[in-house]
Amino acid sequence: MKTGYLSLILHAHLPYVRHPEHESFFEENWLFEAITECYIPLIGVLDRLQDDQIDYRLTLSLSPPLLTMLRDDLLQQRYLKYLHSHIELAEKEVFRTQKQAALNELAQFYLKFYQNTLTVYKDQYQGDIISAFKKHHISGQLELITCAATHGFLPLLNISETAVRNQINIGVNTFKSHLGYAPTGIWLPECAYYPGVEKLLAEAELQYFFMDTHGILDANPAPNNGVYAPLNCGNGVHAFGRDPDSSKQVWSSHEGYPGDFDYREYYKDIGFDLELDVVAPYILDGTTRANTGIKYYRITGKDIEKQLYDPVIATKKAKQHAADFINKRQQQIAALTKKMDKAPIIVAPYDAELFGHWWFEGPQWLEEVLRLASVAEQSLATNACSDYLEQYSSAQVATPAASTWGDQGYYSYWLNDSNSWIYPYLHQAESEMEQLALDLNNLTVTPLQTRAANQAARSLLLAQASDWPFIMKAGTTTEYANKRITDHLARFNYLHDCIRKNRINERYLTALETMDNIFPDIDFKDYCPN
Amino acid sequence: MVSTSVKPISSAPLSAAEMQRISLEINQDFAPVPCPDKLAPSYPDILSSQELLGISQIISTGFAPSIKNTSPEIVLMPIDPEHVHAYWHLPEPEPLSESNSELTLSLHPLADTHPDDPKYAWLDFFINNRQDQKTLTLPNNTNHQHYFASLSQTDARQQLHTLATSNIAQVPQQEIHDVEPVMNTAQLFQPVAKRCAAHRPSSLILNTSGQNFKH
């Protein structure tokens, strides 16, 4: 008898990084690393579960920039080049380490890992990762949901309702065009909710979204069931809250599973450890050291010499951690069932890129969690939030509280001294876009003007991505984030100016369409305010 | 009986020239527009990477973001239960105007029904720059959630003139108490219990390798 539910959600998103104006571009590796270490291993998990006829439910949100990049010809070609280069590096490592048995075994492990990645990507799925996810959706195991168009931080775009509406609607439309059906749920970027956004979600025919714990606990009125049942925002759109216990077990850098000493050490990579001439062809410009993905050591412990990684021991540990995770959820459900008049749902959302990239053994852990949860004797079952809403149609009506899942729980990570300068420009561009759409709406617009106005909308959306203020605050690749946001705003300014002056240079327009080729079906008229 | 023929509303007959002009106008304004090309053929069919780069650089240099300072504006954004952030810009004053008069940024709770009356302003901040930003700390222990801001100028007769009024910003409701984590599931049923925000691990945010993901 199943008495409660576990809903695992992976949010897959990367900023739109695609630079045909360069022969190669280092930041495109973000996508290539994620495909290699996260998405293809995840597909491997899903395929094995299917082969073994494991009954499970898992939710995956695929952001529109990620969907677009995964289907992009140029990036697919460049990914294959990246993968062949890594196979070459691994082959060299097998040769270099041939007299060091333990290291050599690991080098062969990586060579097989990259070769298998190539087989899955090229031969099994013909470069179309989305089709793999869709296959598992069709089989009934994987719930796919959408995200806002460019992962815009909605509460700070909400100076204009039209801005938020377009982020949501274009997100839904992009999902439909790639997956062929309408999503029922949405991942609000950064779990950033503000009261009122549910109206726009309902307009887009979305049924549910996710929030951080305090967004539910601080709801008005207070929730009867904590975060273990959804809230109806009053218009049929439901908010599901993150369970802090299951979150901490995976996210916490101190107490979480990924910090176990037997797991692979992310920060010790041959890109930094080997002689420069060995790794030069595989790092940035041949001179600036960078991660290659080949890492030979385990976390080992704090301030002690790192020991070699053992994949067999790490796998065993991942299985132990999965069993522990399921055990703790069962305990939770046992406690919750006594207090609730309906089955509790434990919502456990994570960034998909945590699994495999940062936490190398994450996919194995996930697979084992899903296998254990499928065992009939368990008191819990995995489900998707849409399943829960079908089963329990009535939910408490309440207004959730404004919140995010970021540091401090509110908006400060995306609005602070490092990034506040962007908002006057973003809001001004949005306002100009809306006025332009209104003005053009009353005129006969030529195909060239239509193209330019649509491209202006693309530039605006790309500037609105939450990734840029996030990176500015994190202090990682701030120069790139600054450049991206100023470039997109400059492109918007250029297009706005040339439309207003009716002097559109088709060559320039074609260049911008080629560089920022996201959202092919966009319609600038959607920027006319309602 | 229903008429089956269309009769002109105006009884005045139209000349051939007038009809020709109207026909032309309708043709110009309402002719079917062919479906626009969605996107140009993709690289590298049309433009080389060098050409793309050149155009990108020209646009970035020539159209860098700038604030078009045409009309006074102030915008208010929520940050957390204790802070809001305002940015504003005012056109440069006329040469003969009272350019040295004092500028005041006032923050009002929405309950304030007298936004133009300084005695109802909740918090005042004197500001020096006509274009700037400022994070404002809200007073403790208030029940207000909705705020707006205004910018005003004092003239020589000490009269306050409102130059711009902001949007309404809704601040989050509750403060996160930075103490004891939740000890067990049952505690989560206590509304506004003491708890920690569920932070994401710092290692995922503060990676300095230069090629990490956003999280």
Exactly one of these conditions fails for A:Ile138: (1) open to solvent by 70 Å² or more (accessible area, probe 1.4 Å); (2) under 18 Å from A:His84 (Cβ atoms). Give me its number.
(2)
Subset of segment A:159-196 [more than 20 Å from the chain's Cα centre (by Cα), within 14 Å of another protein chain (Cβ to nearest Cβ), surrounded by fewer than 23 Cβ atoms within 10 Å (Cβ to Cβ) and within 27 Å of A:Leu436 (Cα to Cα)]:
A:Ile159, A:Ser160, A:Glu161, A:Thr162, A:Gly196
Can you pull out every residue in segment A:19-36 that is touching an Asp or Glu at 6+ places or on another chain (Cβ under 8 Å) and surrounded by 21 or more Cβ atoms within 10 Å (Cβ to Cβ)?
A:Ala34
Segment A:186-206, residues that are more than 15 Å from A:Lys176 (Cβ to Cβ) and either part of a loop (DSSP other than H, G, I, E, B) or in contact (Cβ under 8 Å) with a residue 60 or more places away in the chain (or both)
A:Trp187, A:Leu188, A:Pro189, A:Glu190, A:Cys191, A:Ala192, A:Tyr193, A:Tyr194, A:Pro195, A:Gly196
Residue identified as crowded, with 20+ Cβ neighbours inside 10 Å and closer than 30 Å to A:Ala348 by Cα among A:Leu62, A:Leu89:
A:Leu62
Among the residues of segment A:318-348, the number that are open to solvent by 40 Å² or more (accessible area, probe 1.4 Å) and either part of a helix (DSSP H, G or I) or modelled with pLDDT of 95 or more (or both) is 13
Of all the residues that make up segment A:395-410, how many are touching a residue at least 12 places away in the same chain (Cβ under 8 Å) and open to solvent by 10 Å² or more (accessible area, probe 1.4 Å)?
4
Positions within segment A:109-159 being small (Gly, Ala, Ser), assigned to a helix (DSSP H, G or I) and in contact (Cβ under 8 Å) with a residue 60 or more places away in the chain, in sequence order:
A:Ala132
Selection from segment A:442-490 of residues more than 9 Å from chain B (Cβ to nearest Cβ), touching a helix residue (DSSP H, G or I) at 6+ places or on another chain (Cβ under 9 Å) and open to solvent by 40 Å² or more (accessible area, probe 1.4 Å) yields A:Thr478, A:Asn482
If you check A:His254 against the conditions, is it farther than 25 Å from A:Glu93 by Cα and touching a Phe, Trp or Tyr at 6+ places or on another chain (Cβ under 6 Å)?
no
If you take the residues of segment A:322-368 that are closer than 27 Å to A:Lys268 by Cβ and of a type in the set (A, V, I, L, M), which of them is nearest to the chain's Cα centre (by Cα)?
A:Ala352
Do the conditions hold for A:Tyr16, that is, is it touching a helix residue (DSSP H, G or I) at 6+ places or on another chain (Cβ under 7 Å), in a helix (DSSP H, G or I) and crowded, with 21+ Cβ neighbours inside 10 Å?
no
Can you tell me which residues in segment A:207-224 are touching a helix residue (DSSP H, G or I) at 6+ places or on another chain (Cβ under 7 Å), open to solvent by less than 30 Å² (accessible area, probe 1.4 Å) and part of a loop (DSSP other than H, G, I, E, B)?
A:Asp212, A:Pro223
Can you name every residue in segment A:96-130 that is basic (Lys, Arg) and out of contact with any helix residue (DSSP H, G or I) (no Cβ under 8 Å at 6 or more places or on another chain)?
A:Lys99, A:Lys112
Which one of these is within 12 Å of chain B (Cβ to nearest Cβ) and over 30 Å from B:Gln145 (Cα atoms): A:Gln307, A:Gln320, A:Gln332?
A:Gln332
Got at least one residue in segment A:49-70 being without any contact (Cβ under 8 Å) to a residue 60 or more places away in the chain, on the phi < 0 side of the Ramachandran plot, part of a helix (DSSP H, G or I) and out of contact with any strand residue (DSSP E or B) (no Cβ under 9 Å at 6 or more places or on another chain)?
yes
Here is a list: A:Tyr413, A:Tyr425. Which entry is open to solvent by less than 30 Å² (accessible area, probe 1.4 Å) and not charged (D, E, K, R)?
A:Tyr413
I'd like to check something: does segment B:139-161 contain any residue that is at the interface with chain A (Cβ under 7 Å from one of its Cβ atoms), at pLDDT 50 or above and surrounded by fewer than 19 Cβ atoms within 10 Å (Cβ to Cβ)?
no
Which one of the conditions (1) at pLDDT below 60; (2) within 7 Å of another protein chain (Cβ to nearest Cβ) does B:Met77 fail to meet, given that it meets all the rest?
(1)
Sort out which residues of segment A:497-530 are open to solvent by less than 50 Å² (accessible area, probe 1.4 Å), among the acidic types (Asp, Glu) and not in a helix (DSSP H, G or I), and write them in order of number.
A:Asp516
Return yes or no: is A:Gln53 open to solvent by 10 Å² or more (accessible area, probe 1.4 Å) and under 16 Å from A:Tyr125 (Cβ atoms)?
no
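The values are calculated or read from the model by the stated rules, or taken from the named source; none is laboratory data. Computed from a predicted model, the values in this text were never measured in an experiment. Ideal geometry is used to build each Cβ from the backbone, glycine not excepted, and the neighbour counts take in all protein chains shown. Side chains are part of the model used for accessible areas, which takes the heavy atoms of the whole protein and leaves out ligands, DNA and RNA. Shrake-Rupley method; radii C 1.70, N 1.55, O 1.52, S 1.80 Å.
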